[in-house]
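Here, each number is a calculation from the coordinates, and none is a lab measurement. Owing to the predicted nature of the structure, the values given are computational and were not obtained by experimental measurement. Counting neighbours? That spans all protein chains shown, and the Cβs are built from the backbone with ideal geometry, glycine included.
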There are 6 protein chains.
Amino acid sequence: MSKVTVSRKAHFNAAHRLYRKDWSNEQNEEVFGKCNNPSFHGHNYDLIVSVTGSINVDTGYVIDIKILKEIIKEEVEDAFDHKNLNLQVEEFKNLNPTAENISVVIYNKIKPRLETHLELEITLFETPRNFVTYSGN
Amino acid sequence: MSKVTVSRKAHFNAAHRLYRKDWSNEQNEEVFGKCNNPSFHGHNYDLIVSVTGSINVDTGYVIDIKILKEIIKEEVEDAFDHKNLNLQVEEFKNLNPTAENISVVIYNKIKPRLETHLELEITLFETPRNFVTYSGN
Amino acid sequence: MSKVTVSRKAHFNAAHRLYRKDWSNEQNEEVFGKCNNPSFHGHNYDLIVSVTGSINVDTGYVIDIKILKEIIKEEVEDAFDHKNLNLQVEEFKNLNPTAENISVVIYNKIKPRLETHLELEITLFETPRNFVTYSGN
Amino acid sequence: MSKVTVSRKAHFNAAHRLYRKDWSNEQNEEVFGKCNNPSFHGHNYDLIVSVTGSINVDTGYVIDIKILKEIIKEEVEDAFDHKNLNLQVEEFKNLNPTAENISVVIYNKIKPRLETHLELEITLFETPRNFVTYSGN
Amino acid sequence: MSKVTVSRKAHFNAAHRLYRKDWSNEQNEEVFGKCNNPSFHGHNYDLIVSVTGSINVDTGYVIDIKILKEIIKEEVEDAFDHKNLNLQVEEFKNLNPTAENISVVIYNKIKPRLETHLELEITLFETPRNFVTYSGN
Amino acid sequence: MSKVTVSRKAHFNAAHRLYRKDWSNEQNEEVFGKCNNPSFHGHNYDLIVSVTGSINVDTGYVIDIKILKEIIKEEVEDAFDHKNLNLQVEEFKNLNPTAENISVVIYNKIKPRLETHLELEITLFETPRNFVTYSGN
């Protein structure tokens, strides 16, 4: 029973601002620079969701990609697409929406939707040149 | 004196919202759908600036790409990157920032910076799947 | 009223075989080589549909991309995706499904769905290295 | 003696159908949906073959990429390109050609061609959005 | 008899230096900057060759892509790949190998190999962000 | 304190030649083929620098990408871009500039610039089809 990783790409567009409410303007400016624009800026986020497990000998699938696609739609696209992450997404009301934190939030939303024997890794592109990877450790 | 088109890719990240101040909420919602989110959403815009002219026989250049790169930086990247187009960019204070209108604004900013014998075309990717092209006609 | 081209990318997967029923095996083999495999082979076709027209001053759109996306879905994706072009798509029952011919068929299906003042161009990638462009001339 | 992974991209086009001969039409339809089209559909498969080992201090190579390219050509491209996987490739006569199973078959064909101290990983893109990875565990 | 453009991508790697023998070091340095490195630098050039003509009603082809691929191999890849353009390619012994000039040279090598009714366009990427287009005018 | 990998893409253009001074011409020719061109050839190298560590709970960052970008600029781009690796880069005066060796050199230059708890991985694309990965083991 060979272990294979199955990956699915998706994307969403969102506005965000990097800052901490409990810091002064100066401190936010120094740490987050132009990402601290109070009027927000935005990204086309590209997302790769990777699921690892044994091949089911009956179907030849690790996971039916149609099911994985539906989970991504419900947990990520419907929740984040065309939204302002800071103002309109519950998880970021008190959490700075850096790429690192967004990848952890996405992991925590998708993991409970998968059968427990499956491993999960999230890769999130904030821009084509900047991306992060998180696998729950 | 062969005519060649020289193209340079650039990009910027910005937030925007599609709507008209003089329309009702219902009308904006009907025409612009989720792009009308009042809290804004955002994109990684990819930009291709194409300049057409004769090859200079001395240098072998149509235009020095270092000069073109500097013009794009001054007119587009410094002006739009990490900005909220509706709130922070003069040209869109009374103009809906659709991809079509943004491409015309960029054309009008870059054209006067080029020698008059050079032709210009702007290609703007709002997402990897949606893009527009404008060449001044 | 500036003229802008709006483009939308889409894709579909299909099987096909290049051959003519009225030619001998030898002739098909000589002209179409391994593309003449009688058991078929297949491609992930990438499609760019480009529509040119004046910007509507009310909306800032040339065409609402949601409408264009729906037209592509109905005329191309629903008709061709996961199909055998030779056996299951009416237009290719007596027409060799080369990339050239597929692009003309797609043009002829989408053009009547657009307002008459709009121009149309079809770009079809058979592979990332081989593609064709057709604009109705 | 640093361990480095050397990767080479390749591709092939093929037709396939997902189904099990020993299942009813209804069962195949329910599990495999439109991938069960009896007239087949197809893909441009992109393949990344990754070989890990120590750098040879004489040549600076882990493996000569020209040799790796030749192995991929003989074992994968010559065997699968422009073929119908179900009908014309021995390994899939009784094995459902899912991306997962194809990656295992490719691994098992290439591994014996490599020196035994080298590790192997196969990444197979069925479409630009769906891909699988297998490294022999 | 519809007119379609058929395009084929290819690539080659080469070293080059931008300078004029008849200019002083200072003048070369001022105009060509770091591209004037006397020890050369290099690029992976990506090339798109586009041929426009009527579809042949017998074959469904504008041009057999296998023939176009062979012409590109003979005229460009065999001549330029893994070469130093300034020192080892006849056409650039007295012509500055800017992207503009390389595209004209490639056009002039491929055009006579095509049937006279076919039009030709060359697109040459010096880097993924800098590219030129030439169509013989 | 979740561990996340943060990656940044960069690139540089350079000329190189694969050969060993202490080997005969015949031996270099046999092992390195056309990569042994005495007049050099070149590449657009694409580089991915990946840094793994815990998310800083104050900033939401593993590493400030602006700092990582600056380290890559100083250690790699300023040192290698538009250079002849064999003739103008100290590290390759007696080390064959294969992709494998370049990735180890880049790792050894960047690692001391990072806080000691951070892990590092280097991915280097010599061409879009050939790339190597090194993580210090």
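With its label point put 7 Å out from Cα toward Cβ, residue A:70 sits 2.5, 5.0, 5.0, 5.2, 5.8 nm from the same residue's point in the other copies, in order from shortest. Take every pair of alpha-carbon atoms less than 8 Å apart whose residues are at least six positions apart; their mean separation over the length of segment D:6-116 yields a relative contact order of 34 percent. Cβ-to-Cβ counts within 10 Å put F:66, D:21, A:83, E:69 in ascending order as D:21, F:66, E:69, A:83, the fewest first.
My understanding is that a pair violates if its Cα-Cα distance is over 19 Å; which of D:9/F:3; D:109/F:34; D:9/F:73; F:9/F:73 do that in this structure? Beyond 19 Å between Cα atoms: D:9/F:3; D:109/F:34; D:9/F:73.
Give the separation of the Cα centroids, segment D:1-70 to segment F:1-22, in Å. Spelled out, the Cα-based centre of one part sits 26 Å from the other.
Any idea what diffusion coefficient the protein assembly as shown gets from Stokes-Einstein, in µm²/s, Kirkwood Rh on alpha carbon pairs, 20 °C, 1.002 mPa s?
75
Closest approach of any chain A Cβ to the axis that rotates A onto E belongs to A:128, 5, distance given in whole Å.
What you get for the protein assembly as shown, charging only the Cβ of Lys and Arg (+1) and of Asp and Glu (-1), is a dipole of about 0 debye around the Cα centre.
Among E:22, E:78, E:58, the residue with the largest mean-square fluctuation in a Gaussian network model of chain E, with springs joining Cα atoms closer than 10 Å, is E:58.
Distance distribution P(r), segment A:3-134, all Cα-Cα pairs, bin width 10 angstrom from 0: 12, 41, 28, 13, 5, 1, 0 percent. Once the Cα atoms of helix D:99-110 and of chain D are each reduced to a long axis, what angle between those two axes, in degrees from 0 to 90 to the nearest 10, is obtained? It is inclined by approximately 40 degrees. Mark the label point 7 Å from the Cα of residue B:118 along Cα→Cβ and return the residues of segment B:48-90 whose backbone N is within less than 11 Å of it. Counting only backbone N, you get B:50-54, B:62-72. Charged side chains reduced to their Cβ positions (Lys and Arg at +1, Asp and Glu at -1) give segment A:18-111 a dipole of some 40 debye around its Cα centre. Under a Gaussian network description of chain C, with springs only between Cα atoms under 10 Å, the residue in C:77, C:26, C:119 that fluctuates furthest is C:26. Where both partners of a DSSP beta bridge lie in the protein assembly as shown, what percent of those bridges are antiparallel, to the nearest 5? Of those bridges, close to 95 percent are antiparallel. Sorted from shortest to longest, the distances between the residue C:115 label points of this copy and the other copies are 4.0, 4.1, 5.2, 5.7, 6.8 nm, with each point 7 Å from Cα along the line through the beta carbon.
Largest mean-square fluctuation among B:86, B:56, B:13, in a Gaussian network model of chain B whose springs join Cα atoms under 10 Å apart, belongs to B:56. Inter-copy label distances at residue C:90, using a point 7 Å along Cα-to-Cβ, come to 4.5, 4.9, 5.7, 5.7, 7.4 nm with the shortest given first.
Considering only E:14, E:63, E:128, and ranking their Cα positions along the charge dipole of segment E:1-129 that arises from unit charges at the beta-carbon of Lys, Arg, Asp and Glu, the one farthest toward the positive end is E:128. Report the paramagnetic label zone for residue E:74: residues of segment E:80-116 whose backbone N is under 19 Å from a point 7 Å from Cα along the Cα-to-Cβ axis. Output list for this probe position: E:80-81, E:90-91, E:105-116. Annotation: amide H-H contacts under 5 Å for residue C:2 (H modelled 1.01 Å from N, sequence separation of 5 or more, or interchain): C:55.
When the helices of chain C are scored as -39500 (n - 2.57) per DSSP H run of n ≥ 4 and the total is divided over every residue, the value at 222 nm lands at -6500 deg cm²/dmol.
Amide H to amide H distances under 5 Å link residue C:18 with C:36, C:37, where only residues 5 or more positions off or on other chains count and H is placed in the peptide plane.
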